Amino acid sequence: MRPDQPSGVPVLSRTDWDRIRRSREALVEGGLLTAPPGRVGVPEHIERSWRRCVSSEVPVLPTRVDFAEPERTVLHRAAEPVMNRLADSLADVAVAMVLSDASGRIIARRAQVRTQRDVMDNAYAAEGFDFSEQSVGTNGIGTVLAERRPVLVRGPEHYNVLLEHLTCASTPIIEPATGKLVGTFSLACSVDDVHPLMGVLAGDVGRQIEARILDEAGERRRRFVQACLSLERTDTGALVVDQETVLANRIALAHVGPDLHPLLWQFLTEHAPRKQQQMTVPLSDGMYDAVVEPAHDAGKPAYSVTLLSRRPIGQVVLDAPSAPVPPLGDEPLHFDDRVARELQTAVQHGELVALTGSAGTGKLRTALRTLQLLDAADPAVVEPHLDPDWFAHARSAVEAGRGLVLRRVHLAPVPSVAQVQALAASGGPIALTVDLDEGDEAVLGLVRQVATTVQLPELSRCKAQIPALVRGIVTDLGEPASRTRFAPGVWDVLMAWHWPGNVAELDNTVTALARRANGGIVEVDDLPAELRAPRRSMSLLECAERKAVVDALRAAGGNRSRAAKALGIGRNTLYRKMREFGLQ
């Protein structure tokens, strides 16, 4: 038994019940200053939890508790046989067993007696519901996660009034190999049916689950080590990766960083080969050609990756160039190879470039870099829809040789073809930025008559580039923010988020995190709440609808207007669907 394991469950008298309830109500209604710390009259861990809930304005009676279908994980597999054995012993006892993941979401529940199930259901204490403190307040799941130790929550000590007829003895579940908190196990019963050994039993079950996690992890790591040893004979880098682990041989260590696992794993799951295949894979320091081979074990996917050679990112070889292109340092024109090649080709042939794409994809930044390639000094940025005298200002800039960006030309009033051609005739470097999906046919006609279009991709389609973009954003910040590092769990979240605001959203998010960290380490808890919140699982109908939207966008070459027309829906409806399905 752990030293901090509760060994007994004191039964609440009616007097205690009323006193605790009044204390909670006074703190909720009066605020944190109602009573000084330590004077609320409840155990310290309960008071700390109450104060956290009041500070976060958690509702005492939530009208809605977030729900998502729980996924089957290592924790679930390890706990299932333990809970099944205990369920046989508790078949006629009004006690519920509850297993949660590290976010507080209930992933398994056993309640044999119907009355107990009804009480739990009425309080949303069922599989799939979020029981973190932020969701339902003080309880045996969320408070364990916050305190990282076994806790006992009795009757009105619960923050949620729907739970105050329950007593809950809970324990954290710690992954033995890493010390990582992976979930909780709880025993819940009526306050009238409390047994003094509830805390001891909950702790014992938690340790059994931890032992099974260790056994499974040991077997999985043994297989991984064997896989790596079989690749050690190669004279190049080799890695083995699954959903939770990446192992590298000595040569591959040069390509390892805290962002490697989420970066490589997401890429492999999205482009999973069914047999051995040569492909280009993202590593912490760039893109590499590699031979990837799947290795499935009991339905769990894993991959071996044998590196071949470095892929020359950003280096573009053109056939018979008409003129040499001046170098632009080591940084390519754009992080996407296709965009960089198209821009450099257009520049070499003296073409006016129109950067297209949705909001936040970095059109202005890319336009300025393109003009920099043409030796434009101090380019002017003119927005015709905001400046009635835009043409005069634009002509003055190009005549002075400064270079010019005509920004957001899809917004009315739209420049005429004659105006843009007159500016281009001056010979000064010019670039346009435009969102063709937001403009009408007249805008498309203008752009196609005067410029070569280069479409910038949405960040959700270029997730392999996120680590490099993040490092670049942090490096560009001044001291001490530029020394900021990101914990491995943060990289998992950054790679999983769908980035509806594209590169602009990533830039804003990373900049804020780095400045707040002030040269330290950004942890998962430092991330914005919307990034940390698990996304709702989609139904079969929603999955089919999402696939139809993806197929239409792909067939339309990314043009949303044509995709919406093919789907038979309005463009605004398509935008809403894309946001819902994480396609922006």
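All of the numbers you see were taken from the coordinates with simple rules; none came from a lab. This structure is a prediction, so every number in the text was calculated from the model and none was measured. Methodologically, a virtual Cβ is constructed for each residue, glycine included, from the backbone with ideal geometry; neighbour enumeration extends over all protein chains shown.
Values for this structure:
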{"quantity": "Relative packing of 195-205, 351-361, which averages over residues the other C-beta atoms within 10 Å, highest first", "calculated": "351-361, 195-205"}
{"quantity": "Size of charge dipole - the chain - debye, nearest 20, with Cβ of Lys, Arg +1 and Asp, Glu -1, no other charges", "calculated": "440 debye"}
{"quantity": "Residues K180, K363, K565, sorted so that the one with the fewest Cβ neighbours within 10 Å comes first", "calculated": "K180, K565, K363"}
{"quantity": "Shape call, segment 427-565: gyration tensor on alpha carbons, a/c limit 1.5", "calculated": "oblate"}
{"quantity": "Per-pair calculated FRET efficiency, R0 = 51 Å: D285 and A87 via Cβ, rounded to 0.05", "calculated": "0.55"}
{"quantity": "Distance between segment 450-500 and segment 160-218 - C-alpha centres, whole angstrom", "calculated": "39 Å"}
{"quantity": "Helical segments meeting 18 Å axial Cα length and Kyte-Doolittle -0.5 threshold in the chain (DSSP H)", "calculated": "74-89, 198-231, 502-517, 540-555"}
{"quantity": "Cα gyration tensor shape of the chain, rounded if a/c is under 1.5, else prolate or oblate by comparing a/b with b/c", "calculated": "prolate"}
{"quantity": "C-alpha center-to-center spacing [segment 359-381, segment 11-68] in angstrom", "calculated": "56 Å"}
{"quantity": "Amide H contacts under 5 Å for V65, placed H, 5+ residues apart", "calculated": "none"}
{"quantity": "Gain on full stretching of the segment that runs from V550 to R471 - 0.36 nm per residue minus C-alpha separation", "calculated": "25.4 nm"}
{"quantity": "The chain, helix-only ellipticity at 222 nm - DSSP H runs n ≥ 4, -39,500 (n - 2.57), divided by all residues, nearest 500", "calculated": "-12500 deg cm²/dmol"}
{"quantity": "Sorted peptide list for 253-266, 15-28, criterion being average Cβ within 10 angstrom, highest first", "calculated": "253-266, 15-28"}
{"quantity": "Footprinting exposure proxy for Y575, Y303 (fewest neighbouring C-beta atoms within 10 Å first)", "calculated": "Y575, Y303"}
{"quantity": "Cα-based Lys pair tally, the chain, threshold under 26 Å, eight or more apart or on separate chains", "calculated": "14"}
{"quantity": "Cβ-Cβ FRET estimate between E383 and Q276, R0 fixed at 45 Å, reported to 0.05", "calculated": "0.30"}
{"quantity": "Residue-span extension gain [L364 to S190] - 0.36 nm each, minus C-alpha spacing", "calculated": "56.4 nm"}
{"quantity": "Mean Cβ count within 10 Å, highest first, over the residues of peptides 157-169, 236-248", "calculated": "157-169, 236-248"}
{"quantity": "Average Cα contact separation per residue, the chain, under 8 Å, 6 or more apart, as relative contact order %", "calculated": "9 percent"}
{"quantity": "Prolate/oblate/rounded label for segment 232-310 (Cα gyration tensor, a/c 1.5)", "calculated": "rounded"}
{"quantity": "Residues with amide H under 5 Å from that of Y288, placed H, sequence gap 5 or more", "calculated": "V281, L283, R311"}
{"quantity": "For C53, C462, order by how many other beta-carbon atoms lie within 10 Å, fewest first", "calculated": "C462, C53"}
